[in-house]
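The values are calculated or read from the model by the stated rules, or taken from the named source; none is laboratory data. On a predicted model such as this, the values are computed, not experimentally measured, just so you know. Note: ideal-geometry Cβ built from the backbone for every residue, glycine included; neighbour counts use all protein chains shown.
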Amino acid sequence: MRIKIGIGKLTVFCVLNSSQTAKFIWDSLPITGKSELWGEEVYFYIKPKTGIEKGYARDEVEPGELAYWPKGPCMCLFFGLTPNSKGGKILPASTVNVFGKMEGDPLILSIVTEGQPIKVERA
């Protein structure tokens, strides 16, 4: 499964993994929102809500990973360090379900500003 995320004039593509969270997001598309920033993370609030998924829940992520934050509920795109980061590790605010990975260089997200419209749809 592959999705397209439009943020303002920027478009990124992501490949979803085989998690139930990925299926849940896929079945909820299209999803829209407004961009928020937390360090080098773009996130946005979404209406679909689910919990922590065993086997995919993590407290540390890699650049370019796409995750669902149950406490938001939010979709998160990580491209670098967050305010929680320590020792060069990318640490979300709390546990997230990693459900996909961006194609290409995640640093492209550094041009995103807060408040930009976001649309997530099937690619």
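In table form, for the structure just shown:
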quantity: So G80, is it among the small types (G, A, S), part of a loop (DSSP other than H, G, I, E, B) and touching a residue at least 24 places away in the same chain (Cβ under 8 Å); calculated: yes
quantity: Verdict on T95 being more than 21 Å from G8 (Cβ to Cβ) and in contact (Cβ under 8 Å) with a residue 40 or more places away in the chain; calculated: yes
quantity: Pairs with Cβ under 6 Å, 6+ apart, first in the range 41-69 and under 20 Å from G88 (Cβ atoms) and assigned to a loop (DSSP other than H, G, I, E, B), second among the aliphatic types (A, V, I, L, M) and modelled with pLDDT of 95 or more; calculated: E60/L91; G64/M102
quantity: Residues satisfying the stated conditions in the range 2-23, i.e. without any contact (Cβ under 8 Å) to a residue 40 or more places away in the chain and not in a strand (DSSP E or B); calculated: K9, S18, Q20, K23
quantity: I90 under 16 Å from I3 (Cα atoms) and of a type in the set (V, I, T); calculated: no
quantity: Residues (of a type outside the set (A, V, I, L, M, F, W, C), in contact (Cβ under 8 Å) with a residue 12 or more places away in the chain and surrounded by fewer than 17 Cβ atoms within 10 Å (Cβ to Cβ)) located in the range 24-38; calculated: S28, P30, T32, K34
quantity: Condition check for G115: small (G, A, S), at pLDDT 95 or above and under 12 Å from the mean Cα position of the chain (by Cα); calculated: no
quantity: Matching residues, the range 39-57, being among the β-branched types (V, I, T) and either buried (at least 18 other Cβ atoms within 10 Å of the Cβ) or farther than 19 Å from V120 by Cα (or both); calculated: V42, I46, I52
